[in-house]
Amino acid sequence: DQSDVETLQRIAAARDAARPVAEVLALRPATGSLHPVINPATGETIGEVMHVDAATVTRAIEDARPWDAPAAERAAVLRRAADLFETQFGEIFAALTHEAGKTLPDAVGELREAVDFLRYYAAEGETATAGPRGIIGAISPWNFPLAIFSGQIAAALMAGNAVIAKPAEPTPIIASIGVRLLHQAGVPRSALQLLPGRGSVVGTALATDPRVSGLVFTGSTATAQTIARNMAAHLAPGTPLIAETGGLNAMIVDSTALPEQAVRDIVASAFRSAGQRCSALRCLYVQEDIAPHLIEMIKGAMNELVVGDPWALSTDVGPVIDRRAQSTIADYLEEHRARILHQLAVPQTGTFIPPTMIAVRGIEDLDREIFGPVLHVATFRGEDLGRVVQAINAKGYGLTFGLHTRIDSRVQEVAGAIHVGNIYVNRNQIGAVVGSQPFGGEGLSGTGPKAGGPNYVGRFFAPPVASIP
Ligand code: NAD
């Protein structure tokens, strides 16, 4: 409505005023090499970052000191940081748009989630029983460069640890803003250090140093497996790794579903954030008798999506993160050209990928997570529902699953049989509400415990932090 429009316009004005330009993130006394930071929508260089070397990681580990203030004081500092994040929203939105290609609604959602994480872990940690303390390496992805990054840090700090945070290569500026605000709120520098750089250098150095007491990781399944191997080779057995990883997420829409609602949720789940959410819908199953009609409706809803400049208020789908992601996804689309049911057009500049719908026989045709705006669609006969659930389980991932039906007993039956961390019924399957709905996967999708839930990083230490009812 009009007040929402006015709010968005005010937010956009603040974001415009804070446009980040040529920020140089050079850490002292870091040694390493300078690398450009690129705006994915335009290809412009918006800043430079020092990728630190392994010697800098060693020095950071030597300098790290768990923050020995009482839990109530640490909680107060994290709440102050949450307030600062909210006050600095223009700068944060500008960085999320320019560096990560986020649309304004996505940036708003991400800031909300980051702030919720800070306040949630402040509350959870306040009731913690102090356990042994150590140094936690926090390794985060670029797709939620503020929310996941802040959630990992807040949980580890409230569980009593020093944190060394390693942001993903494409998004160091947003990470540096987050850390600057956390320091400004009162987190000591020795309790929180930021080390931008290559995963293979900084991440490996953290995983292989016996002085690091545990790692908290969000990213791809393959990277989590590499980290686990590195830790197994160099550290004492039992050194903990908490990993939230990738998925091959499915949704089932049966013939009793409300078509308009299902289509709205399918399009949001598959294409919002340009499909760059771990929770995004990858494989849709539609019951055979409604499939032709529903697929036509999906095409119509796709045609309404505005793909382009994430800076524009009307944009629904921005770019994918970088050239490498763009060419990997473009190659995949080329390989599956013959099975494309629908595809939009996209701007020629920047790293855009056209939202695309591809016909498949079933989830068994998906051989990997394609991290972009690509929806696979299969049909099923009512009597084959059990086989569909088995096929989804057989992929071995288990992050999110969506179900659209109006049959209550079917919800119970399918929810009881599917092996995933988060099930969404008659709604979209992206997003979780911090504090009320922990988020995480099973199988190849994660080790648990779930982020935004009790004992996330506190589990590293006994006795664990108390849970919030
Ligand atoms: P990625 O695995 O490529 O990178 C994640 C982080 O790991 C980055 O900081 C990277 O530098 C670092 N890294 C890379 N190699 C490393 C190594 N050898 N040792 C230590 N660290 C290393 O993932 P990404 O492309 O940044 O993010 C997208 C992936 O993250 C997708 O698979 C997505 O599904 C997943 N994801 C999962 C969740 C979840 O909650 N389950 C949330 C967001 C993203």
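Read-outs throughout are calculated quantities, based only on the coordinates presented, and are distinct from any laboratory measurement. Bear in mind the structure is a predicted one, so any value in this text is a computation, not a measurement. As a convention, Cβ positions derive from the backbone with ideal geometry for all residues, glycine included, and neighbour counts pool all protein chains shown.
Please report the net charge: other residues with Cβ closer than 13 Å to the Cβ of Ile290, K and R +1, D and E -1.
Cβ neighbours under 13 Å give a net charge of -3.
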Determine which aspartates and glutamates satisfy two conditions relative to Lys299: a Cα distance under 16 Å, and not lying fewer than 8 residues away in the same chain. Glu260, Asp265, Asp316
Which order do the peptides 33-41, 269-277 take when ranked by the mean count of other beta-carbon atoms within 10 Å per residue, highest first? 269-277, 33-41
State the three equivalent ellipsoid semi-axes of the range 159-283, derived from the C-alpha gyration tensor as the square roots of 5 times its eigenvalues, in descending order and whole Å. 35, 20, 13
Work out how much length Arg65 to Asp289 would gain on full extension: take 0.36 nm times their residue separation and subtract the Cα-Cα distance, in nm to one decimal. 74.4 nm
If N is the number of residues in the chain, what value comes out of its Cα radius of gyration divided by 2.2 N^0.38 Å? 0.96
Work through the residues other than His336 whose Cβ is under 14 Å from its Cβ and net out their charges, Lys, Arg +1 and Asp, Glu -1. 0
Taking Lys and Arg as +1 and Asp and Glu as -1, residues besides Gly109 with C-beta under 11 Å from its C-beta add up to 0
In nm, what is the difference between 0.36 nm times the number of residues separating Glu260 and Val425 and their Cα-Cα distance? 57.9 nm
If packing is taken as the average count of other Cβ atoms within 10 Å, what order do 56-62, 66-72 fall into, highest mean first? 56-62, 66-72
Based on the Kirkwood radius over alpha-carbon pairs, what is the Stokes-Einstein translational diffusion coefficient of the range 136-229 at 37 °C with 0.692 mPa s viscosity, in µm²/s? 251 µm²/s
Approximate spin-label separation Glu335-Thr208, in nm, with each point projected 7 Å along Cα-to-Cβ: 3.1 nm
With the crude spin-label approximation of a point 7 Å out along Cα→Cβ, what separation in nm comes out for Ala359 versus Gln184? 5.5 nm
In whole angstrom, and with the biggest value first, how far do the Cα coordinates of the range 214-364 range along each principal axis? 57, 40, 31
Between Ala345 and Ala394, what FRET efficiency comes out of the Förster formula 1/(1 + (r/R0)^6) with R0 = 35 Å and r the beta carbon distance, rounded to 0.05? 0.45
With each label point set 7 Å from Cα along the Cα-Cβ vector, what nm distance links Arg112 and Ala228? 3.4 nm
Please work out how much length the chain gains when fully extended from Arg368 to Arg410, using 0.36 nm per residue of separation minus the C-alpha to C-alpha distance, in nm with one decimal. 12.3 nm
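Kirkwood hydrodynamic radius (Cα pairs, Å) of the range 68-139?
Averaging 1/r across every pair of different Cα atoms and inverting gives 13.7 Å.
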Scattering profile of the range 251-321 from the Debye formula, Cα beads only, expressed as log10 I(q)/I(0) at q = 0.15, 0.18, 0.29 Å⁻¹, is -0.52, -0.71, -1.34
